[in-house]
Amino acid sequence: MIKNSPLEWPEPIVRVQSLSKICIDSIPKRFIKPLSDRASIITSSDYDANVPIIDLGDLNGDPDTIASTLGQISEACHEWGFFQVVNHGVNHDLMDMARETWRKFFHLPMEVKEQYANSPNTYEGYGSRLGIKKGAILDWSDYYYLHYLPLSLKDYNKWPHVPPSCREVIDEYGRELMKLCRKLMKVLSINLGLEEENLQKAFGGEDIGACLRVNFYPKCPKPDLTLGLSSHSDPGGMTLLLPDEQVAGLQVRKNNNWITVKPAPHAFIVNIGDQIQVLSNAIYKSVEHRVIVNSSKERVSLAFFYNPKSDIPIEPAKELVKPDRPALYTAMTFDEYRLFIRMKGPCGKSHMESLKSPT
Ligand SMILES: O=C(O)CCC(=O)C(=O)O
């Protein structure tokens with residue numbers, strides 16, 4: 001448990017999935033976002049834009065192909081903070097199985113899911129809100145959150161035991177995604193002009209953290225009034241998102257527009273988190289994103305968070321601090337940072353401000 005974290009939610013928890021079944025043509029006031037936060041109408045030029053799709057198989061090609069792939073990733077990190085990867089080495093059947101296993105979990109009877117109800121001290125388990133502010137406007141989603149690493153936090157008792165294959169599937173999925181994250185960490189280090197193991201070492205070497213949040217966005221009778229997940233940047237290092245290929249929903253902020261991501265078949269959506277923004281001294285930025293919901297289709301997504309070891313200070317890499325670019329952030333452990341986020345819930349990038357160096 002994190003020191004000083006609250007043990008209980010400030011109000012009784014209402015499962016959005018249950019609400020979705022009884023709300024026919026309206027939604028409770030608690031879910032209605034202020035006008036400025038609602039999803040605006042998409043213009044046709046926004047519609048055409050998409051997060052870049054990068055073929056990671058090309059990292060095994062000849063030197064020119066490798067250089068061109070590194071260049072595409074570098075550009076995507078600078079321009080978007082997001083990119084999609086295909087030919088990433090993770091088995092497609094495993095990806096489908098992971099998503100569909102979790103879909104089955106969310107369709108289990110409520111009393112089964114309630115056995116895993118979470119609390120804000122660790123967030124592990126079945127949840128329906130982020131943040132503990134009493135009276136906060138809530139998001140139209142339920143989720144399941146679990147730790148994959150470090151082993152000291154991995155607790156099978158807090159993972160679902162149904163559907164029967166769930167634990168094995170999560171384990172295998174986690175193992176494969178760890179390999180992909182290690183590969184991407186090298187790519188980011190090289191692209192930042194650092195030694196290839198630099199970012200991994202700064203994260204704590206082998207001793208890093210990884211967790212999974214599975215998001216379930218039920219159908220919503222008034223999608224224009226609410227959001228599935230409010231705007232936020234990811235607090236950790238890097239995120240690999242397995243989206244629902246059939247249902248778009250993720251929107252990424254770009255030049256003050258919200259771009260709806262069109263998922264490529266069997267791609268992962270990769271994004272830079274706050275800890276890489278700090279380590280890169282803001283050469284790379286964690287970018288705000290949010291999720292919209294719709295009235296005719298539910299949506300499932302799996303967000304795998306690759307994080308630094310939680311008790312080591314994270315600060316700008318010394319190679320990236322220069323007289324004309326002083327360290328922009330003061331050191332903070334991920335535990336300290338995460339506590340702050342867990343209390344507040346999703347709130348754009350305001351938490352990054354807390355890390356800004358006073359100089
Ligand atoms: O569902 C999605 O597409 C995005 C989920 C997300 O941003 C998150 O879990 O942090």
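The values are calculated or read from the model by the stated rules, or taken from the named source; none is laboratory data. Since this is a predicted model, take the numbers as computed values, not measurements. We place every Cβ from the backbone using ideal geometry, glycine too, and count neighbours over all the protein chains shown.
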Only one of 132, 22 is touching a Gly at 6+ places or on another chain (Cβ under 8 Å), over 26 Å from residue 265 (Cα atoms) and surrounded by fewer than 19 Cβ atoms within 10 Å (Cβ to Cβ), namely 132
Pairing a residue in segment 91-102 that is within 13 Å of residue 301 (Cα to Cα) with any residue that is in a helix (DSSP H, G or I), where Cβ atoms lie under 6 Å and the two sit 6 or more apart in sequence or on different chains, gives 97/169; 98/169; 98/173; 101/166; 101/169
Exception for residue 259 within (1) under 20 Å from the mean Cα position of the chain (by Cα); (2) aliphatic (A, V, I, L, M); (3) not in a strand (DSSP E or B) falls at (3)
Note: among 296, 301, just one is within 30 Å of residue 26 (Cβ to Cβ), surrounded by fewer than 19 Cβ atoms within 10 Å (Cβ to Cβ) and in contact (Cβ under 8 Å) with a residue 24 or more places away in the chain, namely 296
When segment 67-83 is checked residue by residue, the ones that are touching a residue at least 24 places away in the same chain (Cβ under 8 Å), within 10 Å of residue 56 (Cα to Cα) and in contact with a strand residue (DSSP E or B) (Cβ under 9 Å, 6 or more places away or on another chain) are 73
Considering residues that are among the aliphatic types (A, V, I, L, M), within 16 Å of the ligand (Cβ to nearest atom) and farther than 29 Å from residue 226 by Cα, the number found within segment 269-318 is 1
- Query: Do we have residue 212 as within 13 Å of the ligand (Cβ to nearest atom), assigned to a strand (DSSP E or B), in contact (Cβ under 8 Å) with a residue 60 or more places away in the chain and not small (Gly, Ala, Ser) here?
  - Reply: yes
Within segment 221-248, the residues that are within 12 Å of the chain's Cα centre (by Cα), away from the ligand (no atom under 11 Å from the Cβ) and not in a strand (DSSP E or B) are 237
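Each row is one residue, and each column tells you yes or no for (1) modelled with pLDDT of 95 or more; (2) more than 18 Å from the chain's Cα centre (by Cα).
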| residue | (1), (2) |
| --- | --- |
| 122 | no, no |
| 139 | yes, no |
| 155 | yes, yes |
| 158 | yes, yes |
| 174 | yes, no |
| said: Yes or no: segment 48-59 includes at least one residue that is more than 21 Å from the chain's Cα centre (by Cα), surrounded by 15 or more Cβ atoms within 10 Å (Cβ to Cβ) and part of a helix (DSSP H, G or I). | reply: yes
**OP:** Confirm whether residue 154 is of a type in the set (D, E, K, R) and either within 16 Å of the ligand (Cβ to nearest atom) or in contact (Cβ under 8 Å) with a residue 12 or more places away in the chain (or both).
**Re:** no
Filtering segment 249-262 down to residues that are more than 9 Å from the ligand (Cβ to nearest atom) and either of a type outside the set (Phe, Trp, Tyr) or buried (at least 22 other Cβ atoms within 10 Å of the Cβ) (or both) yields 252, 253, 254, 255, 256, 257, 259, 260, 262
